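Would you mind keeping the following structure in view while I ask a few things?
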Protein chains: 2
Amino acid sequence: MNRVKQEPETLSINLGERSYPIVIGAGLITDAALLDRHIKARNLMIVTNEVVAPLYLEQLKGALQGKQLHELILPDGEHTKSMSTLNQVLDALVAARLNRDAGIIALGGGVIGDMAGFAAACYQRGVDYYQIPTTLLSQVDSSVGGKTAVNHPGGKNLIGAFHQPRCVIADTQVLSTLPERELRAGFAEVIKYGLIRDPAFFAWLEKNAQRVLSCNPEALTVAIKRCCELKAEVVGIDERENGLRAILNFGHTFGHAIENALGYGEWLHGEAVAAGMVLAAEMSVRLGYLSAVDYQRTLDLLQISGLPIKAPPIGVNKARELMSMDKKVHAGQLRLVLLQGLGNALVTDKYPAEVFTATLQHGFADQP
Amino acid sequence: MNRVKQEPETLSINLGERSYPIVIGAGLITDAALLDRHIKARNLMIVTNEVVAPLYLEQLKGALQGKQLHELILPDGEHTKSMSTLNQVLDALVAARLNRDAGIIALGGGVIGDMAGFAAACYQRGVDYYQIPTTLLSQVDSSVGGKTAVNHPGGKNLIGAFHQPRCVIADTQVLSTLPERELRAGFAEVIKYGLIRDPAFFAWLEKNAQRVLSCNPEALTVAIKRCCELKAEVVGIDERENGLRAILNFGHTFGHAIENALGYGEWLHGEAVAAGMVLAAEMSVRLGYLSAVDYQRTLDLLQISGLPIKAPPIGVNKARELMSMDKKVHAGQLRLVLLQGLGNALVTDKYPAEVFTATLQHGFADQP
């Protein structure tokens, strides 16, 4: 195929009348023609945060021609993903007198995307929203699936909605200003996609981790696109999270316990997921589902990517309590995502309680 | 058909996998077998208010056998339909540690139904909910359509979601304890269904208004069932309010301006809708769409039902400003629901501005 390298890649997410494109490439947020093609609403509220705004807000506004633009700049960080900030977004939408034909642009990472998306889901019972994710994590993880939410003191993402964006514009160039720690944390989710569904992609990552982490544009585009494809495949089979989609939570049930115990934002989400994936993989080894060799490959890839492979000692009881609040508890039994070999995830609530306890004890035990 | 009179009527709302039944009859909230057939969730949060709770909460709980029950009793009134009360409901759901397989029962009028429904829509991104409407208004109006919402200081129902109940249980017996003023206000919506879509039903109402308003069980069942059928027909054609469904807002655009100007709750919703329907009918006469005779029949039926037929003098400018915030504004032009004869509603944004202004002046002008 004689594709010109600079052309952005476009992936179509097929969801009937809620289908939308994901456009991936370098320099997209200043491409006026591209934005005009994909962003139809004339009245727009751009929701962003105080880290992203100085870097990219004016660039984006300059490229959004012929639109009536409003903006809301929120504080940075996971604590922004709250009901009280949601109220602030809703107040801003009302104050701008936006009607049902208006749209919301989320310019930022997962926090901004999740919250602006939830605001779009419930303002006037649903208005259009457009995602411009500015972190690797949100480019690979929030672009597909339509999940929006805010946190509650009782648990992460407890309040939210399924609401699909009208389009996602993933500009790889903006990742060059992302702090290295955040880039690595996002890379944990990239590794997750290899682990749960694509052994060949996992092997590609083993070879190309450093290219991706040094923001090579071609490597980034390959990685982001492949993750979005894999997620789209899973979500296409199971949009509302009744079955297969649960595999996307690989590492997350353990990871959420870490984030919640330490307070959201202490560890980055991707860091908690990395340590959570190690625990899920370890439990898979204990159950005889995963070989020691493949467990070691998992550890190695996470480690060369600069990610944590050991959970903090939050204590077994605390971990168990936090995990029991997880949305994946059905009829009192916690469903877990485990690995049956690299590239093949398994969702199960059939496992001996003592294997789960042993995993928690090894992973979360209080320091001696 | 040799139907025993005491058997409840059941209407099926067909929405694919979100289909649900509406059961209408006397004494349903104490019918343990019926509740058991229709309410599947084992863990339930009953959301109700301090007027309804002393009357019916214990009766309902006694009939819900083998369930784990939680309850939340909120203040009565439209001011309860707020983001801050929504937070209270969500906090209660978290505190009860309810998971995704739990359910919410709304026991009360439209305020409780709309708010508990919205809480169900966004708790864990959607849990089941069951409606037990206890007012005539909510039995005819909130049972079909899946609209849930809370109010915002900037407008009514500005924050919400489409979320279908698992079932609706409309017990006509509970209407016997409803204050007469509320019963009459609910009857305004009953009249609306005749006006917008069923001239024969309108004629039936002209003859049977007093039977319905004196809580005759057969007359109530006929009226409630017919309204739900008519609404289901409209919503079945247009679930997400892109076209036909707008006719259900007949009288509401004018009515919301009244409610908002006076403060929610000063006039009952149905009272504001009654006066709003008169204005919409009057504008229809001005445009030559409705005959003077049919306009008079509309006034007469509202008047013998004890409903207001004259809007309060909130002023033309205030009315216009409040109506411009309406969700039905598209591209700056307010869409109105008018009548082309009794029983035939028309949605239009094509009308001379001066006819709209004349209607506002006649309806809302400040007192001299």
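No lab work stands behind these numbers, since they all come straight from the coordinates. Treat the numbers as computed from the prediction; the structure is a model and nothing was measured. Glycine gets a Cβ as well: all are built from the backbone with ideal geometry, and neighbour counts include every protein chain shown.
Residues of B:79-90, mean number of Cβ from any other protein chain within 10 Å of their own Cβ, rounded to a whole number? Don't skip to the end; give the middle numbers.
Working: counts 0, 0, 0, 0, 7, 2, 0, 3, 5, 0, 0, 5.
Average neighbour count from other chains, rounded to a whole number: 2.
Also: If one computes the Cα centroid of segment B:252-273 and of segment A:212-275, what distance in Å separates the two points?
Distance between centres, Cα-based: 47 Å.
Read phi for every residue in segment A:22-32 and hand back ³J(HN,Hα) as whole Hz from Karplus 6.51 cos²θ - 1.76 cosθ + 1.60, θ = phi - 60°, with x for Gly and Pro.
Karplus values, whole Hz, x for Gly and Pro: 10, 9, 10, x, 9, x, 6, 6, 10, 8, 4.
Within 10 Å, count the other beta carbons around each residue, average over each peptide in A:40-48, B:98-106, and list them highest first. Write out the running numbers ahead of the final one.
Working: A:40-48: 21.2, B:98-106: 23.0.
Top of the packing list down: B:98-106, A:40-48.
List, in order, the whole-Hz ³J(HN,Hα) value for each residue of segment A:142-153 obtained from phi through the Karplus relation with A = 6.51, B = -1.76, C = 1.60 and θ = phi - 60°; use x for Gly and Pro.
So the Karplus estimates, Gly and Pro as x, are 8, 6, 10, x, x, 7, 10, 5, 10, 7, 10, x Hz.
Please give the average number of partner chain Cβ atoms lying within 10 Å of the Cβ of each residue in A:172-185, rounded to a whole number. Please report the intermediate quantities before stating the final value.
Numbers: counts 0, 0, 0, 0, 0, 0, 0, 0, 0, 0, 0, 0, 0, 0.
Mean shielding count: 0.
Follow-up. Given labels modelled 7 Å from the Cα in the Cβ direction, how far is it in nm from B:Leu69 to A:Ala365?
It is 4.7 nm.
Next up: Fewest Cβ neighbours within 10 Å first, please rank B:Val168, A:Val273 accordingly.
B:Val168, A:Val273
Shifting gears a bit: B:Lys207 versus A:Glu354, label points 7 Å from Cα toward the beta carbon: distance in nm?
Modelled inter-label distance: 7.8 nm.
Would you tell me the mean number of C-beta atoms belonging to other protein chains that fall within 10 Å of each C-beta in A:149-160, as a whole number?
For peptide A:149-160, the averaged partner shielding equals 4.
Exactly which trypsin sites (Lys or Arg not before Pro) in segment A:277-364 are in a DSSP loop and have at most 14 other Cβ atoms within 10 Å? Spell out each step's value before the answer.
On the way: sites: A:Arg286, A:Arg297, A:Lys310, A:Lys318, A:Arg320, A:Lys327, A:Lys328, A:Arg335, A:Lys350; in loops: A:Lys310, A:Lys327, A:Lys328, A:Arg335, A:Lys350.
Listed in order of number, the matching sites are A:Lys310, A:Lys350.
Could you run the Karplus curve 6.51 cos²θ - 1.76 cosθ + 1.60 with θ = phi - 60° over segment B:285-295 and give me ³J(HN,Hα) per residue in whole Hz, x for Gly and Pro?
5, 4, 8, x, 7, 10, 6, 4, 5, 5, 4
Can you list which of the GluC sites (Glu not before Pro) found in segment A:31-139 are DSSP loop residues with at most 15 other C-beta atoms within 10 Å?
A:Glu50
Restricting to DSSP H runs of at least four residues, report the calculated mean residue ellipticity at 222 nm for chain A, -39500 (n - 2.57) per run over all residues, nearest 500 deg cm²/dmol. Please report the intermediate quantities before stating the final value.
Values: 13 runs with 162 residues, N = 368.
Estimated from H runs of four or more residues: -14000 deg cm²/dmol.
When only C-alpha pairs under 8 Å and at least 6 residues apart count, what is the relative contact order of segment B:181-316, in percent?
Relative contact order for segment B:181-316 comes out at 28 percent.
Near B:Ile196, within a Cβ-to-Cβ distance under 14 Å, what is the net charge of the other residues, with Lys and Arg +1 and Asp and Glu -1? Intermediate values should be presented prior to the final figure.
Numbers: positive: B:Lys192, B:Arg197, B:Arg226, B:Lys231, B:Arg245; negative: B:Asp141, B:Glu189, B:Asp198, B:Glu229, B:Glu233, B:Asp238, B:Asp294.
In short, -2.
Separate question: Would you mind checking which residues have amide H under 5 Å from A:Gly108's amide H? H placed 1.01 Å from N; only 5 or more apart, or other chain.
HN-HN under 5 Å from A:Gly108: A:Ile132, A:Thr134.
Please list, in chain and number order, the residues 5+ apart from B:Leu15 or on another chain whose amide H is under 5 Å from its amide H, with Hs placed from the backbone.
Answer set, sorted by chain and number: B:Tyr20.
Ranked by Cβ crowding within 10 angstrom, fewest neighbours first, how are A:Val293, B:Val235 ordered? The partial results should precede the final answer.
Numbers: A:Val293 9, B:Val235 21.
Placing the least packed residue first, the sequence is A:Val293, B:Val235.
How many angstrom lie between the C-alpha centres of segment B:149-195 and segment B:3-69?
17
Which order do A:Met115, A:Met83 fall in if you start with the one that has the fewest other Cβ atoms within 10 Å? Write down the numbers at each step before the final one.
On the way: A:Met115 28, A:Met83 22.
Final ranking by Cβ density, sparse to dense: A:Met83, A:Met115.
Sequence-distant or interchain residues sharing an amide H contact under 5 Å with A:Glu50, placed H: which?
For A:Glu50, the qualifying residues are A:Leu74, A:Asp76.
While we're here: Please compute the contact order of chain A in relative form: average sequence separation of alpha-carbon pairs under 8 Å and at least six residues apart, divided by the residue count, as a percent. If you can, show how the numbers build up before the last one.
Working: 696 pairs, mean separation 53.8, N = 368.
Once divided by the residue count of chain A, the mean separation gives 15 percent.
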